[in-house]
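The values are calculated or read from the model by the stated rules, or taken from the named source; none is laboratory data. Computed from a predicted structure; not experimentally measured. Backbone-built Cβ (ideal geometry, glycine too); neighbour counts: all protein chains shown. We work out accessible area using only protein heavy atoms, side chains counted, and drop any ligands, DNA or RNA first. Shrake-Rupley method; radii C 1.70, N 1.55, O 1.52, S 1.80 Å.
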Amino acid sequence: NRYSEGSHNSVGSANTPYSASSRTSPQRRALQARALFATSHENSDAASWSNSNNTNNYAQDEDEDKPNLWSHLSPNDIATIIPPLTFQSHKGSNGRIGVIGGSPQYTGAPYYASLSALHCGADLSYIFCAEEASLAIKTYSPELMVSPFYSQKDLEDAVGDTEREELLIKNGVSTIGKAMERLHCLIIGPGLGRDARVGKMVTQVMKMAMGANVPLVLDADALYLLSLERYSSILENRHYYSQQNSKKQQQFLSPSPIVLTPNIVEYRRLVKAGSKLDDAIIVLKGHHD
């Protein structure tokens, strides 16, 4: 039980830096990180946080010329990011994350995205992928819940049959839609591929998520979709989708955040296409993120 392991003595101390390479579960590592941060907060101020021997090389960059993220963070900053473990918590209290991605050709990217969420302390991580990718992803880790939302073979067999294609698209959107209310955040794009029909499903899911006020993180092939003319203004209408949901809930709901994580090539493509990125948070990846 992850909550019964929560004492500082059982998961490490300030003198035992958290090792990302240790052979422990993601939840165990998150507990170790919490213990390290909590102990550092108790025994040091912000200056000793970045310089003391307690944190050793964990907060230090081998190359002093490189920017050091940790030097700008205090324990209080970390505390706002990592949910506290309490005896009132239950499975799912600290984050239920959905990842839409994983095509027959690309199975690794959604796995890494989902596992990263667990490493940061999320409780549950779901992957929605192609049926052909699901078995491979399931074998990567028993901690991930994998749900196929379309079959590439079925899509190929339906070429030329518009009615069947539309039905497959509708069923795919419905599969994710049924899980939407359980999710705290939805990540779209890792290993998604560029099949036009899958793209149509995913853009409908984006609208659904914005309407349900589910925060979105868009990466990789989801960013490619935004660079296409027919989808370039989809984020521009996020306030409309949110307002429609507010009317249903009979209360005002401000739009949930949308985070884009392009590399320089993807960012240039979005700018060149004139994609409407109003109010989106852009994390530009590069030599210095």
**Report entry** Subset of the range 113-141 [touching a strand residue (DSSP E or B) at 6+ places or on another chain (Cβ under 7 Å) and among the aromatic types (Phe, Trp, Tyr)]
**Finding:** TYR126, PHE128
Query - Cβ pairs under 6 Å, 6+ apart, first in the range 117-129 and within 8 Å of LEU144 (Cα to Cα) and free of Cβ contacts under 8 Å to residues at least 40 places away in the same chain, second in a helix (DSSP H, G or I) and open to solvent by 10 Å² or more (accessible area, probe 1.4 Å) - result: SER125/ALA117
Report summary line: All conditions in (1) open to solvent by 10 Å² or more (accessible area, probe 1.4 Å); (2) out of contact with any Asp or Glu (no Cβ under 8 Å at 6 or more places or on another chain); (3) free of Cβ contacts under 8 Å to residues at least 40 places away in the same chain; (4) over 28 Å from LYS91 (Cα atoms) are true of SER232 except (3)
Query raised in the report: Could you say whether any residue in the range 176-188 is acidic (Asp, Glu), crowded, with 16+ Cβ neighbours inside 10 Å and not in a helix (DSSP H, G or I)?
Result: no
Report summary line: Scanning the range 135-157 for residues that are over 18 Å from the mean Cα position of the chain (by Cα) and among the small types (Gly, Ala, Ser), the one surrounded by the fewest Cβ atoms within 10 Å (Cβ to Cβ) turns out to be ALA136
Requested in this report: Run VAL146 past the list (1) at pLDDT below 95; (2) in contact with a strand residue (DSSP E or B) (Cβ under 8 Å, 6 or more places away or on another chain) and report the number of the one that doesn't hold.
Outcome: (1)
Query raised in the report: Which of the residues spanning the range 248-273 are farther than 19 Å from PRO215 by Cα and either at pLDDT 90 or above or part of a helix (DSSP H, G or I) (or both)?
Result: ASN263, ILE264, VAL265, GLU266, TYR267, ARG268, ARG269, LEU270, VAL271, LYS272, ALA273
Report task. Can you tell me which residue within the range 75-95, out of those that are open to solvent by less than 30 Å² (accessible area, probe 1.4 Å) and under 30 Å from GLY172 (Cα atoms), is modelled with the highest pLDDT? Result -> GLY95
Report summary line: Expected output for the range 186-208 (first residue in contact (Cβ under 8 Å) with a residue 40 or more places away in the chain, partner hydroxyl-bearing (Ser, Thr, Tyr) and open to solvent by 10 Å² or more (accessible area, probe 1.4 Å), Cβ below 6 Å, 6+ apart or cross-chain) is GLY191/TYR106
Query raised in the report: How about the range 111-134: which of its residues are touching a helix residue (DSSP H, G or I) at 6+ places or on another chain (Cβ under 7 Å) and surrounded by 24 or more Cβ atoms within 10 Å (Cβ to Cβ)?
Result: TYR111, SER125, ILE127, PHE128, CYS129, ALA130
**Report entry** Among the residues listed as GLY108, GLY98, GLY102, GLY172, the single one being at pLDDT 95 or above, open to solvent by 10 Å² or more (accessible area, probe 1.4 Å) and of a type outside the set (D, E, K, R)
**Finding:** GLY108
Query raised in the report: Which of the residues that make up the range 209-232 are under 19 Å from ILE281 (Cα atoms) and part of a helix (DSSP H, G or I)?
Result: ALA209, MET210, GLY211, ASP221, ALA222, LEU223, TYR224, LEU225, LEU226, TYR231
